[in-house]
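Only one structure is covered here, and it is reproduced in the block below.
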Amino acid sequence: MRAVVVPEFGATPELRDVEEPEPREGEEVVEVAAAGLNPVDLARAQGTFHGGSPDPPYVAGSEGIARLGDGRLAYFNSSRGSMAERAAVNSDELVELPEGLDPALAVCFGVAGLAGWLSLEYRARLAEGETALILGATGPVGTIAVQAARLLGAARVVGAARDAERLRRVEELGADATVVLGSADDAAALAEACGGEGPDVVVDPLWGEPGVAALEAAAPHARIAQIGQSAGAEASVASATVRGKGLSILGLTNFQVDRETRVAAYRRMAEHAAAGELTCDVEAVGLDDIAGAWERQASGPHVKLAIVP
């Protein structure tokens, strides 16, 4: 079968003919309808992912949508690779999709969607009537988080990013206000957009200077779900900023969340999507175009790239 293979750490993945996957105990081999391409896949391929990487050569990807023998579709996460025509998956961990949900859209609610949704519901415990600020709002995680905040009961939702044009899309998806990041007054602009008092909850996949600006803008006792470092791995934060307002900085990675919680969140997102209440900008890319897709992912494509065999 054809599969995307990482030949060695630091190398661009290649499309190769490989042996069919052999199912282990509790596994079954499924046809892959779509596989998600995520920043974590690039980190694994560089050998820099904090959770470790498979020994190369290996089949890339960890999540996908399976087409089962009876025609049903199900989300899966596999440590044995997903960017291939077929994959070996744990039969007990398949999450069936609502009828009619497009596979490319459905894969958006896995790695990316869970980061956005769980940041609000599970980690920051967004309460009905609160104000939510979503940094990096133009990417897949951010656009899903903007919609999730509304679905979870936020009274005001603010999206912030550097791309003014893409922020128009964030407004279409339900943000009450948006902020173009990159000025010396980011903290003031964020606080004003959030109603003057600042946000009660922040989803931060950026860190760096934007993350510091959000901390400075935050309301007293705000909770900041810190989920990434797209704007910088380090940030200089004044102690008084955190102590003076009693802020809570809450780290989150999907891999630390128990499976039951992740599955429940995925199902809720899939149901909202099937009902037309949740979406994500997604682009289907064939296996033949993996080199270009890999390069686009490295530069931040602002859409979810779904690899379709």
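The values are calculated or read from the model by the stated rules, or taken from the named source; none is laboratory data. Quick caveat: nothing in here was measured; it's all calculated off a predicted structure. No Cβ is skipped: glycine too gets one built from the backbone with ideal geometry, and neighbour counts run over all protein chains shown.
Checking the stated criteria, residue 235 turns out to be surrounded by 13 or more Cβ atoms within 10 Å (Cβ to Cβ), over 19 Å from the mean Cα position of the chain (by Cα) and part of a loop (DSSP other than H, G, I, E, B).
One residue alone among 302, 272 is assigned to a loop (DSSP other than H, G, I, E, B), in contact (Cβ under 8 Å) with a residue 60 or more places away in the chain and outside the structural domain of residue 169 (by TED's automatic domain parsing), and that residue is 302. Determine, yes or no, whether residue 240 is of a type in the set (A, V, I, L, M, F, W, C), exposed (fewer than 14 other Cβ atoms within 10 Å of the Cβ) and not in a loop (DSSP other than H, G, I, E, B). Considered against the rule, which asks whether it is of a type in the set (A, V, I, L, M, F, W, C), exposed (fewer than 14 other Cβ atoms within 10 Å of the Cβ) and not in a loop (DSSP other than H, G, I, E, B), residue 240 comes out as yes. Applying the criterion of being closer than 10 Å to residue 73 by Cβ and at pLDDT 95 or above to the residues of the stretch 96-106, the residue that is nearest to the chain's Cα centre (by Cα) is 106.
Residue 128 passes every criterion in (1) surrounded by fewer than 19 Cβ atoms within 10 Å (Cβ to Cβ); (2) of a type in the set (D, E, K, R); (3) assigned to a helix (DSSP H, G or I) apart from (3). In the stretch 35-62, the qualifying residues are those that are assigned to a loop (DSSP other than H, G, I, E, B) and among the hydrophobic types (A, V, I, L, M, F, W, C), and the one that is nearest to residue 91 (Cα to Cα) is 60. Scanning the stretch 153-186 for residues that are hydrophobic (A, V, I, L, M, F, W, C), in a helix (DSSP H, G or I) and buried (at least 20 other Cβ atoms within 10 Å of the Cβ) yields a count of 2.
Residue by residue, here is whether (1) closer than 23 Å to residue 292 by Cα; (2) in a loop (DSSP other than H, G, I, E, B) holds:
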{"site": "19", "(1), (2)": "no, yes"}
{"site": "23", "(1), (2)": "no, yes"}
{"site": "33", "(1), (2)": "yes, no"}
{"site": "64", "(1), (2)": "yes, no"}
{"site": "74", "(1), (2)": "no, no"}
{"site": "116", "(1), (2)": "no, no"}
{"site": "119", "(1), (2)": "no, no"}
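On the stretch given as the stretch 1-32, residues that are without any contact (Cβ under 8 Å) to a residue 12 or more places away in the chain and at positive phi total 0.
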